[in-house]
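**Student:** Quick one: this structure, given as structure tokens, is what I'll be asking you about.
Please treat every number below as a calculation from the coordinates, not as lab data. Small disclaimer: the values here were computed from a predicted structure and weren't measured. All Cβ positions, glycine included, derive from the backbone under ideal geometry; neighbour counts span all protein chains shown.
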Amino acid sequence: MKKTNLTLIIFIVLGLLAGTIIAELLTPVSSLAFLTKSAQMNWHPKADLQILKYDLDIQVKLNLISILCAIGAIWIYRRM
């Protein structure tokens, strides 16, 4: 498999997605609350250029499990 930047980005996104799913499954376990607590980041870029107007709402939620899975995805990518 050819290593490209797009492949790395796909691996990282899949790792973050897997981490989020695992965190959702572990939410009922109270002793693992430190792993499933999420930090939320928001970004709202807007522009009105008279001929073009846009308004985006970008939200990123990260938790410790997602970060660990993203690191694991990078490690798998490097081993390929």
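**Student:** So how many Å³ per residue does the convex hull of the Cα atoms of the chain work out to?
**Tutor:** Expressed per residue, the convex hull around the Cα atoms of the chain is 115 Å³.
**Student:** Also, I was wondering about something else. Under 26 Å Cα-Cα from residue 46, which lysines qualify once same-chain neighbours fewer than 8 residues away are excluded?
**Tutor:** Cross-link targets: 61.
**Student:** I would also like to ask the following. Over the range 1-66, what is the mean sequence separation of C-alpha contacts under 8 Å (at least six apart), divided by residue count, expressed as relative contact order in percent?
**Tutor:** 35 percent
**Student:** Sticking with this structure for a sec: Based on the mean of other Cβ atoms within 10 Å per residue, sort peptides 60-66, 5-11, 21-27 so the most packed one is first.
**Tutor:** 60-66, 21-27, 5-11
**Student:** Here is a further query. Taking the Cα atoms only, what angle lies between the long axis of helix 5-26 and the longest principal axis of the chain, rounded to 10 degrees?
**Tutor:** Helix 5-26 and the main axis of the chain meet at about 60 degrees.
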